[in-house]
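Accompanying notes for the structure given below.
The values are calculated or read from the model by the stated rules, or taken from the named source; none is laboratory data. The model shown is predicted, which means the values in this text are computed figures rather than measured ones. All Cβ positions, glycine included, derive from the backbone under ideal geometry; neighbour counts span all protein chains shown. Note: areas computed on protein heavy atoms with side chains; ligands, DNA, RNA excluded. Shrake-Rupley method; radii C 1.70, N 1.55, O 1.52, S 1.80 Å.
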Amino acid sequence: MQLSQDTLRILNAFAMRTRRSFYGIRQGSHRSQRRGHGVEFSDFRNYELGDNPRYIDWNLFARSDKLLVKRYLEEENVAIYIVIDGSRSLTHPSLRAKWDLATHVAAFASYIGLSSQDPVVISVLGGPHSQRFWGGRSFGPLSSFLRQATETLVSPDARELSLPEEARRAATRVSFPGICLVISDFLYPVEDVAATLAAFRARNMEVHAVQVLGETDVSLESSSGALTVSDSETAEVRGVALDSASSARYAELLEDHVRKVREHCLGCHIKFTSTTAAGSPVDEGIDTIRRMGLFV
Amino acid sequence: MISLLGFSLSALAPAALLALPIGLATLVYIYRARGKAPEIVVSTLFLLRQLPERLTARKSFVPPLQFWIDLAIVLLLALAAAGISAIDAAKRIAIVVDSSLSMSAKLPSGTTRFADAVRLASADASSQFGSPRFTVYSAANSLRRVSEPNISGSAAASAVSGLSPSLEPDRLESALRALVAEGTFDSVWVYTDRPLATTSAPTPVKVTTIPSDPKTASNAWISAASSTAGTISAEVRSIGESSGSVSVSGECFGADGKPAGRIPPVSVKTGAASAVNVSTVQLSPPGAAWQFCSIEAKAAGDSLSPDNEAWVTRDSQGSDVQVMSSLTLRELGLGRISGYSFMRVESADDPLFSRSTPTIAHRVRPPKLLAAPVLSVAPPPGSLPWGGSVSDKEATGLAVTRWQPSHPILQYANPTLISIPRARTITCAPGAEEVLSSSAGALICAGVRSGRRYVVSALELFPFDGAASPTVSIVTLNALKWLFRGEAGGPEAGLTPGQALLPAGSVGLRYLAPALPAPSLSAEGAASLPSPGVIVFSPPSTGRPELRSVNIHAEEESDLSRLRPIEPPQAPAAQARVGSRAPLSLAPWLAALALLVITLDVLRRMRSRNSWGAR
């Protein structure tokens with residue numbers, strides 16, 4: 001994935017802002033739960049043997065005759081887990097726009113994270129692809145990884161995938177809690193959506209859900225008043241009467257489903273962002289990154 | 001060729017019509033294929049399962065509006081490519097109402113033949129089914145169209161009702177022949193007092209004869225009038241009930257048109273009522289100041305009044321007649337005939353030859369243009385310029401087998417005494433009368449063309465046998481009289497109502513009596529004279545005003561007892577009849593209409609923001 005200079009200039013202006021603090025792996029730019037020797041004062045504690053006398057607050061000792069040691073908040077990096085729904089509902093060749101947008105969002109988030117020395121782990125649910133990238137120079141290998149995943153997944157072979165199961169399997173591989181970006185269309189029962197997201201929440205991660213919809217997901221049209229639809233995952237074919245009333249009914253169903261997913265995410269303190277792959281994936285991806293609230 | 005809505009449609013390239021079924025089949029196929037529900041891949045059926053399912057079985061083909069628009073475009077373009085043209089297939093009928101003089105004759109019912117003809121024609125025109133198209137003509141000496149071509153039945157009835165009779169003799173045969181030869185009409189309806197001759201040939205002419213009994217017809221008329229040496233000589237004829245006694249009177253006028261006195265009535269006892277009675281009466285005009293007179297014949301039970309009047313101008317100076325012959329006037333015996341001034345010319349190319357001067361063509365081809373009366377004696381073999389022909393073979397020992405005793409040329413003559421050693425028989429022109437005939441063909445034909453009388457004689461009327469003073473036969477004198485001085489009067493008085501030819505360059509034409517507006521006069525001398533009377537004009541040769549009488553003198557019209565059957569012309573080929581109608585090419589209109597439909601369709605799609613083709 002080659003990003004243009006304009007795209008890079010836009011992405012460089014973003015910085016990741018976490019709502020919670022995590023224990024990091026290395027020194028970084030995010031506030032850590034770990035107390036250490038940062039620049040931001042945290043609190044005092046009694047001096048104990050073994051503490052470095054340099055951290056004793058001598059002014060406070062002069063006033064209170066107590067040896068207290070100043071503690072500071074540690075700034076560490078935060079691991080970013082990007083989980084992409086690799087089911088056929090995104091990787092089917094006919095739905096390629098959704099997959100392109102999903103990978104662009106993943107790439108943009110990865111670029112921002114790598115730029116601030118945060119480790120990025122990309123997992124594609126349904127595939128053997130899970131890889132960790134670290135450092136600003138890792139974007140090239142990350143792009144290659146996404147390209148390889150695209151070539152592998154976007155094939156005409158249909159197969160069914162259980163996303164909650166795949167999510168639990170992916171969550172077991174999480175070493176350090178951090179930011180978790182789940183990119184999917186979430187067009188399956190809300191219970192499964194909840195199970196998928198819960199697998200990552202259970203790992204004490206700050207989960208962000210990004211819903212990527214296609215044009216055919218948003219609106220169905222047919223000049224003949226009917227449509228034969230084929231399920232991208234099960235290859236099941238069904239004839240659908242698609243007059244104006246049916247179109248309106250479908251729009252209502254979709255809106256209701258998205259509302260339920262959004263409400264579930266809200267209840268679980270999960271930031272939910274919905275986007276539609278209707279134009280350029282670069283523009284749509286940047287817009288999605290901007291609307292997520294994770295990157296400012 | 002097919003008929004549709006009263007039009008016959010034909011195609012220049014019928015093969016292009018094959019595009020119609022092909023285009024229709026293609027459109028149906030495309031729309032059926034398009035009508036199938038398009039199959040698309042969706043992310044999941046999770047939500048779509050809650051929508052009503054559509055049966056996958058094929059539904060009946062219900063074409064949408066776009067199908068009909070596309071079909072209309074294909075249809076219009078195919079028809080335009082085929083070069084469709086239309087011909088109005090409605091039946092076209094010509095209504096010809098005989099408006100000649102005889103049609104003014106009264107019937108026992110009190111109406112006239114013309115009124116009956118108009119009534120019948122109106123009724124026929126307005127009661128036709130199938131919306132035929134009519135064109136109304138009035139036929140007398142010439143055929144005049146009196147309505148717009150191809151009008152409806154009601155309009156034709158209205159046009160017929162507006163007709164009025166004329167004072168001219170009829171030339172129905174030539175008029176019908178011209179109409180039928182034109183090929184424009186499917187049928188020609190003729191309303192006349194003349195019966196239809198029996199014929200077996202198919203003809204588009206339908207003749208409606210106004211019922212009238214010639215045996216009981218009654219009429220008295222003045223067939224000739226002239227003045228000589230201060231007296232007026234009038235020839236009075238009568239038939240039927242009018243034959244008992246005819247009273248002839250008159251009134252004379254001065255050169256200024258003021259009355260100069262009346263001529264006392266003279267009663268003429270004519271004779272039996274079974275035939276045409278001819279009487280000549282001498283009238284004495286009052287005083288010496290008269291210049292022209294009006295003579296009127298009155299008889300009991302007269303059916304036709306316009307021919308009772310004749311106009312006579314005073315003292316004819318003698319007729320100028322040019323003789324085209326290789327013989328001298330003396331050899332021809334013309335030097336001793338009084339009342340005529342003969343002048344000899346070699347041929348029509350002679351500088352002295354004048355086409356407006358009465359002519360005797362002796363053994364030469366007569367002049368082509370009949371601008372004055374012509375007597376053609378023993379013309380050379382071949383076609384005659386006014387119709388008819390002369391046999392190539394000269395027959396000998398001919399005997400007269402048939403003649404018309406009432407014709408003025410045979411007046412006082414006994415045709416059975418005529419010996420004919422050799423002659424080239426002639427075929428009379430259509431409309432001309434066979435005055436004298438033999439077993440081998442006609443010998444003398446007399447007719448009227450362009451308002452001018454002519455006589456063609458196969459007999460040698462001038463017996464130049466070397467005698468010092470040849471004797472001119474009574475038939476010759478009658479022919480000269482009929483042509484140059486007789487019914488039509490002399491050349492100075494031989495005008496009939498209608499188109500007349502005066503000397504070129506004449507000016508000052510006006511009616512001296514009766515008081516009528518001045519007729520039109522062209523530089524060539526063509527004048528339109530509406531009614532009998534006396535006209536005055538100044539010819540360029542003398543510059544002095546000259547009087548001319550205008551008389552009807554239509555023998556065949558006044559003689560109501562004479563049956564003159566119409567020989568209907570044969571029908572032209574049907575192909576020629578239809579082909580004479582100009583077809584209207586519909587291809588440009590169809591192409592323009594297709595373009596319009598396409599434009600409207602594009603605008604409709606732009607407005608509804610639909611895309612082309614399947615989505």
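A few comments on the model shown:
- For the protein assembly as shown, the cysteines with no partner cysteine C-beta closer than 4.7 Å are A:Cys180, A:Cys265, A:Cys268.
- Of every Cα-Cα pair in the range A:27-76, the percent that sits beyond 16 Å: 42
- Within a straight-line Cα-Cα reach of under 27 Å, A:Lys271 can be paired with the following lysines, leaving aside sequence neighbours fewer than 8 residues apart in one chain: A:Lys98, A:Lys260.
- Residues in the range A:79-291 average 38 Å² of solvent-accessible surface per residue, probe 1.4 Å, ligands and nucleic acids excluded.
- Checking the Cα-Cα distances for B:Lys298/B:Lys481; B:Lys258/B:Lys298; B:Lys258/B:Lys481; B:Lys106/B:Lys481; B:Lys215/B:Lys269 against a 28 Å cut-off, the pairs over it are B:Lys258/B:Lys481; B:Lys106/B:Lys481.
- Proximal lysines relative to B:Lys393, as straight alpha-carbon distance under 25 Å, when same-chain residues fewer than 8 apart are discounted: B:Lys368
- Tail weight of P(r) past 39 Å, computed on alpha-carbon pairs of the protein assembly as shown, percent: 65
- Residues of the range A:182-216 with amide N under 13 Å of the 7 Å Cα→Cβ point at A:Ser94: A:215-216
- Solvent-accessible area buried by pairing B with A, both sides, nearest 100 square angstrom, 1.4 angstrom probe: 2700
- Expressed in units of 2.2 N^0.38 Å, where N is the residue count, the Cα radius of gyration of chain A is 1.20.
- With helices as the sole contributors, chain B gives -5500 deg cm²/dmol at 222 nm; each DSSP H run of n ≥ 4 counts as -39500 (n - 2.57), and the sum is divided by every residue.
- GNM result for chain A, Cα springs below 10 Å: residue of A:Leu125, A:Leu161, A:Leu220 fluctuating most strongly: A:Leu220
- Zone residues, the range A:59-98, relative to A:Arg35, backbone N less than 16 Å from point 7 Å out along Cα-to-Cβ: A:67-75
- Put simply, when B:506-516, A:32-42, B:40-50 are sorted by average Cβ atoms within 10 angstrom per residue, most first, you get B:40-50, B:506-516, A:32-42.
- In summary, chain B shows an alpha-carbon radius of gyration equal to 1.41 times the 2.2 N^0.38 Å reference for compact globular proteins.
- Annotation: lysines with alpha-carbon distance below 18 angstrom to B:Lys206 (same-chain offsets under eight excluded): B:Lys91.
- From the alpha carbon centroid of the range B:279-333 to that of the range B:129-203 is 35 Å.
- Protection proxy ranking, peptides B:588-594, A:114-120, B:135-141, A:182-188, average beta carbon neighbours within 10 Å, highest first: A:182-188, B:135-141, A:114-120, B:588-594
- Computed from the C-beta positions of A:Thr172 and A:Arg137, the FRET efficiency with R₀ = 25 Å rounds to 0.30.
- Each residue, B:Leu352 and A:Lys66, gets one label point 7 Å from its Cα in the Cβ direction; the gap between the two is 17.1 nm.
- Residue-averaged [θ]222 nm for chain A, counting only DSSP H segments that reach four residues, each worth -39500 (n - 2.57): -12000 deg cm²/dmol
- Note on B:Ser541/B:Trp589: beta-carbon distance plugged into 1/(1 + (r/R0)^6) with R0 of 56 Å gives a FRET efficiency of 0.35.
- Most fluctuating residue given options A:Ala245, A:Ala15, A:Ala209, as computed from a GNM of chain A linking Cα atoms under 10 Å: A:Ala245
- Remark: mean inter-chain Cβ contacts per residue of A:227-235 equal 6, using a 10 Å Cβ-Cβ cutoff to other protein chain atoms.
- Whole-number percent relative contact order across the range A:79-291, with pairs defined as alpha carbons under 8 Å at least 6 apart: 25
- Within 10 Å of each Cβ in A:180-190, the average number of Cβ atoms from other chains: 1
- Averaged over the residues of A:241-247, the number of partner chain Cβ atoms lying within 10 Å of the residue Cβ comes to 3.
- Of the peptides A:62-69, B:336-343, the ranking by mean beta-carbon count within 10 Å, highest at the top, reads B:336-343, A:62-69.
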